[in-house]
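All remarks here apply to the structure that follows.
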Amino acid sequence: MHLKKRVLVTGGAGFLGSHLCERLLDEGNDVICVDNFYTGSKRNIVHLIDNPYFELIRHDITFPLYVEVDEIYNMACPASPIHYQNDPVQTTKVNVHGSINMLGLAKRIKARILQASTSEVYGDPSVHPQPENYLGNVNCIGPRSCYDEGKRCAETLFFDYHRQHRLKIKVARIFNTYGPRMHPNDGRVVSNFIMQALRGEPITIYGDGSQTRSFCYADDLVDGLIRLMNSPDEITGPVNLGNPVEFTILELAELVIKLVNSKSRIIFSSLPQDDPRQRKPDISLAGNILKWEPAIKLEDGLKKTIEYFNGIRTKYV
Ligand code: NAD
Ligand code: UDP
Ligand code: UDP
């Protein structure tokens, strides 16, 4: 028999959080979505509002929160460089103060808690692809540090609460993920290229486009997060979740132009500071312990994402 769980999703009105809320509701759970709408939007969850098992709380997790749930997915944090660098002190606060509050909550109510960590904890990696035991190459004083070091400190807090207070923790290191409900102006490569291609504007490649990324579709990622949450207590992670198929940024630009059937041309500009040269997850651990691997090919995921951006383009952007 499937038992209904009460699940808290912080950052539930964001891109990934909203897909997660939807999936948890579909599986028959009670979902509390907490969000301060810093980068998230009511538009992402408006279709869930009438569901009696869905509850929305406007709240900033850097302040204490008192609710009663069985599981917590801690997704709250601006994720794109433009957004997290807009108020870098707040970015560190959400990762440190926010994590302490959610861990304190989990401790009081004995809930399982999952942290949405990131491949950015590896920084500009000197090991390729990155396994979970690679310790990373992170600049602690650069423009990306508020996010990278904030997320590293959050992982430290999760493991200290686990060791010190026996908390049931799960840490997922998420690699670049894309899909419908990404913020159209978040400056990330997939959203930028699709919006530029749809508008017929030049596609802006930073650097020469030879840097690589691997792109995971949102549904695959959410599936990995839920598998991790449902895994036995002794599985704490960190576990890499992402799609290991690697593309250069130039290849991505060409694919988007083809799928949109766009007349956009490609232009090149300078590479931002500390921009990682290459990034690709080693997902063998997730394969072994969660029996998880992404199923959706970049071309198929991009088609769905293009359809979404085309739909909102005229209405909101
Ligand atoms: P997003 O910006 O769409 O979602 C983040 C959500 O958190 C937003 O709804 C925002 O309003 C909310 N939020 C921010 N600060 C908050 C606060 N103080 N209190 C309450 N809510 C707050 O980003 P996303 O891409 O959905 O990312 C979700 C999580 O996954 C983040 O923690 C991010 O670091 C992590 N992650 C995402 C990716 C990716 O490629 N999308 C990769 C690695 C890690
Ligand atoms: N906290 C919360 N909700 C709760 C319990 C705790 O938001 O239900 C916050 C509270 O602000 C506290 C933090 O979590 O400061 C850390 O809690 P913990 O019990 O670890 O430490 P405390 O600071 O209470 O000693
Ligand atoms: N990028 C680009 N053009 C853009 C946006 C991003 O060439 O319009 C590059 C960026 O420099 C980086 C890669 O695409 O090398 C991925 O950038 P994104 O911000 O999406 O993610 P992250 O750097 O955090 O992996």
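The values are calculated or read from the model by the stated rules, or taken from the named source; none is laboratory data. Keep in mind that this is a model prediction, so the values were computed, not measured. Note: ideal-geometry Cβ built from the backbone for every residue, glycine included; neighbour counts use all protein chains shown. These accessible areas exclude ligands, DNA and RNA; they are computed on the full protein's heavy atoms, side chains included. Shrake-Rupley method; radii C 1.70, N 1.55, O 1.52, S 1.80 Å.
In order along region 50-63, the phi-based Karplus estimate (6.51 cos²θ - 1.76 cosθ + 1.60, θ = phi - 60°) of 3J(HN,Hα) comes to 7, 6, x, 8, 10, 10, 10, 10, 7, 7, 9, 6, 6, 10 Hz; Gly and Pro are listed as x. Among the GluC sites (Glu not before Pro) in region 222-317, those placed in a DSSP loop whose Cβ has at most 16 other Cβ atoms within 10 Å are E234. Taking amide H atoms as placed 1.01 Å from N in the peptide plane, the amide H of I174 lies under 5 Å from those of S117, T118, S119, L241, each 5 or more residues away in sequence or on another chain.
Each residue of region 124-130 was assigned a 3J(HN,Hα) from its phi angle through the Karplus curve 6.51 cos²θ - 1.76 cosθ + 1.60 (θ = phi - 60°); the sequence is 8, x, 9, 10, 9, x, 8 Hz, with glycine and proline shown as x. Here the peptides 173-180, 199-206 are ranked by packing, the mean other Cβ count within 10 Å, and the order with the highest first is 173-180, 199-206. If I fit a long axis through the Cα atoms of helix 88-109 and take the longest principal axis of the Cα atoms of the chain, what angle between them do I get, 0 to 90°, rounded to 10? With rounding to tens, the tilt is 30 degrees.
The DSSP beta bridges internal to the chain are antiparallel in roughly 10% of cases. The loop-placed chymotrypsin sites (Phe, Trp or Tyr not before Pro) in region 276-317, going by DSSP, include none that has at most 13 neighbouring Cβ atoms within 10 Å of its Cβ.
In the chain, the longest principal axis of the Cα atoms and the axis of helix 145-165 are about 20 degrees apart. Only helices enter the 222 nm calculation for the chain: every DSSP H run of n ≥ 4 contributes -39,500 (n - 2.57), and dividing by all residues gives -12500 deg cm²/dmol, rounded to 500.
Checking every one of the trypsin sites (Lys or Arg not before Pro) in region 247-317 against DSSP loop status and a limit of 16 other Cβ atoms within 10 Å picks out K263, R265, R277, K291, K297.
Simple rule: put +1 on each Lys or Arg Cβ and -1 on each Asp or Glu Cβ in the chain, find the dipole, and look at T314, Q211, I113; the Cα lying farthest toward the positive end is T314.
Accessible surface comparison of I100, I109, I82, probe 1.4 Å, protein chains only, largest first: the order is I82, I100, I109.
The amide H of K280, built 1.01 Å from its N in the peptide plane, has Q130 as neighbours under 5 Å, considering only residues 5 or more places off or on other chains.
Solvent-accessible area assigned to carbon and sulfur over region 185-291 amounts to 50 percent, based on a 1.4 Å probe. The C-alpha atoms of the chain define a longest principal axis, and helix 15-26 lies at about 50 degrees to it.
For the chain, pairs of C-alpha atoms spaced more than 35 angstrom apart make up 15 percent of the total. Within region 196-296, all pairs of alpha-carbon atoms sorted by distance into 5 Å bins from zero give the percentages 2, 12, 17, 17, 15, 13, 10, 8, 4, 1, 0. Residues whose amide H falls under 5 Å from that of L167, counting only those 5 or more places apart or on a different chain, are H162, with hydrogens built in the peptide plane.
Which whole-number value in Å² is the accessible area per residue of the chain, probe 1.4 Å?
44 Å²
Near K303, once Lys and Arg are set to +1 and Asp and Glu to -1 for all other residues with Cβ below 14 Å from its Cβ, the sum equals -1.
Couplings 3J(HN,Hα) of region 271-281, computed from phi: 7, x, 4, 6, 6, x, 5, 8, 8, 7, x Hz, in residue order, whole Hz [Karplus 6.51 cos²θ - 1.76 cosθ + 1.60, θ = phi - 60°; x for Gly and Pro]. What does the C-alpha gyration tensor say about the overall shape of region 8-136? Classify as rounded when a/c is under 1.5, otherwise prolate if a/b is larger than b/c, or oblate. Because a/c hits 1.5 or more and a/b exceeds b/c, region 8-136 counts as prolate.
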